[in-house]
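Only one structure is covered here, and it is reproduced in the block below.
Laboratory data are not the source of any read-out in this text; all were calculated from the coordinates shown. In this text the structure is predicted, and so the values were computed from the model without any measurement. Glycine gets a Cβ as well: all are built from the backbone with ideal geometry, and neighbour counts include every protein chain shown.
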Amino acid sequence: MDKIEDIGQLVDWLVTQDASFSSAIATRNALRILPTAMAGVEQSFDSFEGADLLMLCLMLDLMSAVASTCSSIDLRDVRSALQRFRANSTSEKALLDATRISDSGGLSPFSAHSAGSSAASSVIFSGLGEKKGAAVFADGSSAHAFAPQMQAASFADCQSIDANGTTGVFNERLWPDGEGVQQVLALWHTFKALPDPKGTWDFWRRWYRGMLEGQPLDWDLQLQVALIGDDIWDSGPEAVAREIARIEAKWELEREVVALKEQLAKVKQLEALPSRLHNQPPEAIDDTIGLFQTDVALIWDTLVELEEEIEKPEPSPSRLKKIAEVLLGIAKKFTVYCAELGGITAKKAAEEIGTTGTKWAIRGTAAFFTAENEGVQSVVKAIWEYAKTLPPG
């Protein structure tokens, strides 16, 4: 594509592109001025707290970002969630109030960002080229002092989207050179340095830092956050933070389970070994491997049970802890197996297992024990972290 250098060229190009392109650009512009909303987090405005208004802005931006990058199947769910949010009378009133807020420096902590978020979400529901161009233009012009920098960043976004798609553009820094935007970045630095004893903003700080630096959090994780129920969103920032902590803990646990299952699949290499190595190592090695394979089968069955439990509408923390105890017991056995193999190797170093091939076979088996032990312990740790986010039961 030709280099875009003005708004007219930007609009002309967007009219010919998929709506997700416009959504991504509008979302990134909303993200660029998000710190103006962060500036009011500790203030009160009319009948709304700054923290609640900031949460609305954060949610809109995350939903819009996910909608710009997700599959068509997931997009239906995100659109539905975003539509419910926009139809919520409380949310609508809060955003209307936000447009009336302005600070002494001539910046609007929420109105500029609200315009950007509204532009991004509007594009998600509209495929009309006119709305695409209007959304991006309104977003850029609403940023007052940063409008030139935002327009330049938007032009760069177009080049990136054309080359790498909508997901790829989020791998670019929001401000390519950082020149002329020190004021808005200072608001971000102030926000991230604020005391947060309850961890209310922990996820959002990590999320925004990733967006700012072109290192977004895992998109599947973001999708799960975007689909948080309306009742939780409406309960305030602390309730949202608790739910996100639960989502992250479950997501991390699922990742650890997948990784361990991949390791277990490699155990088939042990099963493929002959019952006796070529120079007849001692029976103790065969016995140890046999016990290991039995425990591997038990691990697999336990992981299946774990997966079933965490997919229940209300997983039981007590049941999860029992599963963790089973896995921890197996991990302790693996430590014993490694010690046994190490002892056999040392004892028989100058005897019948002295050939290089056999030594490497034993070392390989010990390596399997070590890897499985670490994998099991990682799952156990993830189970405990996830259980802590659940209500007692």
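For segment 1-84, run through the GluC sites (Glu not before Pro) and keep only the ones in DSSP coil with at most 12 other Cβ atoms within 10 Å of their Cβ. Intermediate results must be reported in sequence, preceding the final value.
Working: sites: Glu5, Glu42, Glu49; in loops: Glu5, Glu42.
Qualifying residues, ordered by number: Glu5, Glu42.
Amide H contacts of Phe45: Gly50, each under 5 Å away and 5 or more positions distant or on a separate chain (H built 1.01 Å from N in the peptide plane; Pro and chain starts excluded). In order along segment 300-314, phi translates into HN-Hα couplings of 4, 4, 5, 5, 4, 4, 5, 4, 5, 5, 6, 8, 5, x, 9 Hz, rounded to whole numbers, per the Karplus curve 6.51 cos²θ - 1.76 cosθ + 1.60 with θ = phi - 60° and x for Gly and Pro. Under the simplified labelling scheme, the Gln183-Val258 pair shows an inter-label distance of 4.4 nm, with each label point 7 Å from Cα along Cα→Cβ.
Taking a ≥ b ≥ c as the square roots of the eigenvalues of the Cα gyration tensor of segment 144-195, is the shape rounded (a/c under 1.5), prolate (a/b larger than b/c) or oblate? Oblate, because a/c is 1.5 or more while a/b does not exceed b/c. If R₀ is 30 angstrom, what is the calculated FRET efficiency for the pair Gln43 and Lys388, using the beta carbon separation as r and rounding to 0.05? E(calc), rounded to 0.05, equals 0.35. The stretch between Lys332 and Thr294 holds 12.2 nm of extra length on full extension. This uses 0.36 nm per residue minus the Cα-Cα distance.
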